[in-house]
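Inspection log for the structure reproduced underneath, given as structure tokens.
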Amino acid sequence: REITELKKATRELEQQKEELQNLNEELEQYASLASHDLKEPVRKIILFTDRLLGYKSFEPEDKIKTDLLKILGSAMRLRSLIGGIAEFAKSKQYTDSFEKVNLNEVLHDVLSDLEILINEKNANITFKNLPTIEAIKIQMHQLFLNIISNSIKYSKDHESPVIEIENHDLDNQVEIKIKDNGIGFDSEQAEKVFQPFQRLQSEKT
């Protein structure tokens with residue numbers, strides 16, 4: 001009976017492995033197609049923004065020029081992210097996509113992408129001296145983007161969000177601590193934090 005149960009468990013494990021492999025292949029194909037389809041509209045945003053900047057001479061303090069330069073910078077970062085998605089989708093081994101990633105630069109890009117939300121909520125975000133690590137850059141960007149945007153989204157009413165990002169060295173390891181003054185979540189739900197399609201807060205409480 002034990003052998004029969006073991007064989008059954010082995011078959012189920014193999015089936016789950018095959019289903020996961022098929023799902024990964026479908027996700028890779030979708031990422032590749034999506035990144036390809038996004039390239040052209042982003043290219044046009046960059047092209048026409050650059051053209052607008054060249055139509056006339058702007059004064060150094062001209063707000064229109066400042067806004068156009070922000071659009072251009074965001075579009076170019078988006079183009080880089082799309083290229084990263086395409087390369088990552090082609091990679092069968094995650095280690096092939098690892099590179100040296102300066103987390104300070106990643107956070108600067110993330111804060112630039114979230115500029116409107118940060119200004120609307122009057123959020124205060126501090127960080128300094130973050131390390132350069134071996135990582136997949138697009139994943140680090142997505143990680144910080146999701147954490148910071150959620151911290152701002154689930155902030156307390158009538159209180160400006162405060163987010164502190166710190167680096168701690170632990171015996172050849174890197175530990176990044178992110179602290180905010182938001183509404184938080186039940187510690188019993190902590191295991192769900194990094195699971196896809198999970199929401200720990202349905203509403204502010």
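The values are calculated or read from the model by the stated rules, or taken from the named source; none is laboratory data. Here the structure is a predicted model, which means the values were calculated and not measured. All Cβ positions, glycine included, derive from the backbone under ideal geometry; neighbour counts span all protein chains shown. All accessible areas refer to the heavy atoms of the entire protein, side chains included, with ligands and DNA or RNA removed. Shrake-Rupley method; radii C 1.70, N 1.55, O 1.52, S 1.80 Å.
Kindly indicate the residue of the stretch 98-125 that is among the charged types (D, E, K, R), in contact with a helix residue (DSSP H, G or I) (Cβ under 7 Å, 6 or more places away or on another chain) and more than 16 Å from Ile152 (Cα to Cα) and also surrounded by the most Cβ atoms within 10 Å (Cβ to Cβ) among those meeting that condition.
Top of the filtered list is Asp109.
Keeping to the stretch 171-199, report how many residues are over 20 Å from Ile118 (Cα atoms), at pLDDT 75 or above and open to solvent by less than 80 Å² (accessible area, probe 1.4 Å).
Matching residues across the stretch 171-199 total 3.
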